[in-house]
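The next block holds one structure in the form of structure tokens; read it before the comments.
We did not get these values from a lab; they are worked out from the coordinates using the rules stated. Everything quoted here is computed from the prediction, not taken from an experiment. As a convention, Cβ positions derive from the backbone with ideal geometry for all residues, glycine included, and neighbour counts pool all protein chains shown.
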Amino acid sequence: MEMVEVMRARCRRVLVVGAIAAVTAAVGCGDDGFGPDSNLIGIWAGSGSQGGRTLTLNMTISSVTPEGAVTGTGTVSGSVGVPVNIGGTFRGGAADFSINATGFISAFFRGRAVDRNSISGTLNGSGFSDMPLTLRRQ
């Protein structure tokens, strides 16, 4: 009888350890949806308005280094479309992008990943102050 009880106890331990491993993998240990090898590369877009001014940002992230450095290009549209260069970082779900266009004051987007397909934050500079902006993968 003792051998049967020992085997049952071992089976219970294996099941408990297996269940813990499965839950940890499913939850991702607090992962924000962007692991260290996640790919931001692609087309992102978002719109917002403030003080009667509307802005639409369309950007293509073309490069993300293992250290989180981000580069890309895009357009900012309001009354006219303006080509822009994007630079900055994306680490641990936190985005910090500069948006630069010749002849314009730079703007800065700071936000956090909501999931793999959206980043919510605020736009500052070039006439905007803490304007809410959500970028969505296209």
Near pairs, Cβ below 7 angstrom, 6+ apart or cross-chain, from region 98-112 (of a type outside the set (Asp, Glu)) to any residue that is part of a loop (DSSP other than H, G, I, E, B): SER98/SER106; ILE99/SER106; ASN100/SER106; PHE104/SER126; ILE105/SER126; SER106/SER126; ALA107/SER126; ARG112/GLY93
Residues satisfying the stated conditions in region 93-132, i.e. farther than 16 Å from VAL82 by Cβ and among the aliphatic types (A, V, I, L, M): ALA94, ALA95, ALA113, VAL114, ILE119, MET131
Residues of region 99-115 classified as surrounded by 16 or more Cβ atoms within 10 Å (Cβ to Cβ) and either hydroxyl-bearing (Ser, Thr, Tyr) or not in a strand (DSSP E or B) (or both), total: 1
Subset of region 116-131 (residues that are of a type outside the set (D, E, K, R) and assigned to a strand (DSSP E or B)): SER118, ILE119, SER120, GLY121, THR122, LEU123, ASN124, GLY125, PHE128, SER129, MET131
